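**Student:** Below are the structure tokens for one structure; questions will follow.
The values are calculated or read from the model by the stated rules, or taken from the named source; none is laboratory data. Just so it is clear, the model here is predicted, and its values are computed rather than measured. We place every Cβ from the backbone using ideal geometry, glycine too, and count neighbours over all the protein chains shown. Only protein heavy atoms, including side chains, enter the accessible area calculation; ligands, DNA and RNA are left aside. Shrake-Rupley method; radii C 1.70, N 1.55, O 1.52, S 1.80 Å.
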Amino acid sequence: MFVETSAEDHLRVSYTRYCGLLQFEGEVRKKALQQLTMFLCHKYPRVRKATANKLYEALVTYDEIVPEDSLDEITTTLSEFTWDDEIEVESIRPVRNNLCDLMNVPRPVLKKRPVVQAPDGRGLRGGNCVEARPRT
């Protein structure tokens, strides 16, 4: 028997697992934080809100995930910003980038899709821009 799952269900599993990985130190924690910061600018408002909530819970549960002097500002931003508003991702990005700076995590960079040449010579962009993990 197959159970149909939505894209949001798959994303929910992802950000929940990434939050669980925050308990481990080193490269695992760094990569999990990078992925979580990308979810904070996801196109689905519910994904942004749930990621912020899960990240908040992880920060108050596990010790030393972020610098102690930034913890209050990070948790305040995660809990008070309206992540689930139907607003453009571009207006959320500065808030997310500030969180990245506070957590000492590289900001995700916009990765443009390549321009594909159409048979008639016109350039076609291969869809929307997506965010990618910074190269480490």
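**Student:** Rounded to the nearest 10 Å², what accessible area does Ile65 have for a 1.4 Å probe in the complete protein model?
**Tutor:** 20 Å²
**Student:** At a Förster radius of 22 Å, what calculated FRET efficiency corresponds to the Cβ-Cβ distance of Asn104 and Thr61, to the nearest 0.05?
**Tutor:** So the FRET efficiency works out to roughly 0.70.
**Student:** What is the dipole size for segment 7-103, taken about its Cα centre, with +1 at each Lys and Arg Cβ and -1 at each Asp and Glu Cβ, in debye to the nearest 20?
**Tutor:** So the magnitude is around 520 debye.
**Student:** Another one. Quick one: how many Å² of Tyr18 are accessible to a 1.4 Å probe, rounded to 10?
**Tutor:** Roll a 1.4 Å probe over it and Tyr18 shows about 70 Å².
**Student:** Give me log10 I(q)/I(0) at q = 0.10, 0.15, 0.20 Å⁻¹ for segment 7-103, Debye formula, one equal scatterer per alpha-carbon, no solvent.
**Tutor:** Each listed q maps to, in turn, -0.22, -0.52, -0.95.
**Student:** Shifting gears a bit: Of the GluC sites (Glu not before Pro) in segment 1-105, which ones lie in a loop per DSSP and count no more than 12 other C-beta atoms within 10 Å?
**Tutor:** Those satisfying the criteria are Glu4, Glu25, Glu64, Glu86, Glu88.
**Student:** So what is the relative contact order for segment 7-103, in percent, with contacts set as C-alpha pairs under 8 Å and at least six apart?
**Tutor:** Dividing the mean separation by the residue count of segment 7-103 yields 28 percent.
**Student:** Here's a follow-up. Going Cα to Cα from Lys111, which lysines come in below 17 Å? Please leave out same-chain ones fewer than 8 positions away.
**Tutor:** Lys43
**Student:** Quick one: net charge around Met103, please, counting Lys, Arg +1 and Asp, Glu -1 for every other residue with C-beta under 14 Å from its C-beta.
**Tutor:** Every neighbour counted, the sum reads -1.
**Student:** Based on the Cβ-Cβ distance from Arg46 to Phe24, what FRET efficiency comes out when R0 is 30 Å, to the nearest 0.05?
**Tutor:** Calculated transfer efficiency: 0.65.
**Student:** If you don't mind, there's one more thing I want to ask. Would you check the accessible area of Lys49, probe 1.4 Å, heavy atoms only, in square angstrom rounded to 10?
**Tutor:** So the heavy atoms of Lys49 present about 60 Å² to solvent.
**Student:** Ignoring ligands, DNA and RNA, how do Lys54, Lys111, Lys43 rank by accessible area with a 1.4 Å probe, largest first?
**Tutor:** Final ranking, largest accessible area leading: Lys43, Lys111, Lys54.
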